[in-house]
Each structure stands twice: as C-alpha cells, then as structure tokens.
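Here's the structure, in structure tokens; my notes come after.
The values are calculated or read from the model by the stated rules, or taken from the named source; none is laboratory data. This is a predicted model, so every value here is computed, not measured. Methodologically, a virtual Cβ is constructed for each residue, glycine included, from the backbone with ideal geometry; neighbour enumeration extends over all protein chains shown. Ligands, DNA and RNA are excluded from the accessible area calculation, which covers all protein heavy atoms including side chains. Shrake-Rupley method; radii C 1.70, N 1.55, O 1.52, S 1.80 Å.
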Amino acid sequence: MKEHEIQVRVRYSETDQMGVVYHGNYVPYFEMGRVEWLRNKGVSYKSMEERGIALPIVSMNINYKKPARYDDLLTVKTTFKSQTSVKIEFDCEIRNNENELLTTAHFILVFLDLKTGRPIVPPTYINELLELMKD
C-alpha cells in the first residue's frame, strides 16, 4: 500500500485560454494526492495540525510531459518513496483517461512543530505507519 490514487476533473478555471491546465495548478492536484494518501492510511492533515504538527514542502521537482486539458479526468498517483528522521518523500504522477503520462513530480516534506517552527521527529503513530511502507 505504498501507492494511492485519486481522480480529479480539470475545471475551466484551472486552464488558460488554450484550454490547457496552467502549470501552477498541478501543485494542488499533487497536494490532494498526498493528503488522500495519508487519509487512506488513517492519518489526516487536520488531526496532525490539531496535535501541533505541520508537513510543509521543502523541495519539489515537477516534470511536464503532456498537457492536461479542460474537463479531462485525471488520475493522480502518489507513491511513498522514503522517510528519514524528519523528512518524508513522495513520487507522484498524473495520467489522463487514455492512461498517458502527463506529469511526474517528486516532493520532500518535513515534519514541523507548529509552536517552534522547527523540524521534529514524527510521533510514534506516524513512524509506525511509515515503517510499514519501507521495503
């Protein structure tokens, strides 16, 4: 269960005059994928924040291969890559209805204490979950 998929339909407001998804709008698609990956494992961003933990992006690399277009039904696949003491990494991809690879991405996020703004080791319940994901 290292992978999780969601589907997103491209809305008109996410496209430019040519009906192509604006490059900056891919980041929210990937965020939805990561949030739902965690939720699927029993952890919600909301509950983490209520416990004083944030998970901001510290690095992202996105490669655009083909454009997504207005009204396309996209599949966003999020795959757990690795975890170190304070960081977690995901690989992501977006495909269209024809299963064409449109975009790939790699994200590094850090567990952060909301009170101090400093990186922290994730709590036990998250570490246990992530240990199950490691090969």
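Set side by side, the residues Ile94, Ile108 differ, and just one is assigned to a strand (DSSP E or B), closer than 17 Å to Val35 by Cα and touching a Leu at 6+ places or on another chain (Cβ under 7 Å), which is Ile94.
If I filter segment 4-20 for residues that are at pLDDT 95 or above, acidic (Asp, Glu) and outside any loop (DSSP other than H, G, I, E, B), do I get at least one hit? Yes, that holds for at least one residue.
Looking only at residues in segment 38-55 that are in a helix (DSSP H, G or I) and open to solvent by 50 Å² or more (accessible area, probe 1.4 Å), which one is farthest from Asn99 (Cα to Cα)? Going through the qualifying residues, I end up with Glu50.
Being assigned to a strand (DSSP E or B), in contact with a Cys (Cβ under 8 Å, 6 or more places away or on another chain) and either touching a residue at least 12 places away in the same chain (Cβ under 8 Å) or open to solvent by less than 40 Å² (accessible area, probe 1.4 Å) (or both): is that true of Val58 here?
When the stated conditions are applied, Val58 does not pass them.
Taking each residue of segment 22-34 that is part of a helix (DSSP H, G or I) and looking for partners that are open to solvent by less than 30 Å² (accessible area, probe 1.4 Å) and charged (D, E, K, R) with beta-carbon atoms closer than 9 Å, six or more apart or interchain, yields Asn25/Glu14; Pro28/Glu14; Tyr29/Glu14. Looking at segment 35-46, is at least one residue out of contact with any Leu (no Cβ under 6 Å at 6 or more places or on another chain), modelled with pLDDT of 95 or more and among the polar types (S, T, N, Q)? No, segment 35-46 contains no residue that is out of contact with any Leu (no Cβ under 6 Å at 6 or more places or on another chain), modelled with pLDDT of 95 or more and among the polar types (S, T, N, Q).
The number of residues in segment 61-77 being part of a strand (DSSP E or B) and not aromatic (Phe, Trp, Tyr) comes to 9.
Checked against the criterion of being touching a helix residue (DSSP H, G or I) at 6+ places or on another chain (Cβ under 8 Å) and open to solvent by less than 30 Å² (accessible area, probe 1.4 Å), the candidates Val10, Val35, Val20 yield just one match: Val35.
Looking at segment 82-118, which of its residues are surrounded by 15 or more Cβ atoms within 10 Å (Cβ to Cβ) and either at positive phi or without any contact (Cβ under 8 Å) to a residue 40 or more places away in the chain (or both)? The answer is Val86, Lys87, Glu89, Asp91, Glu93, Arg95, Asn96, Leu102.
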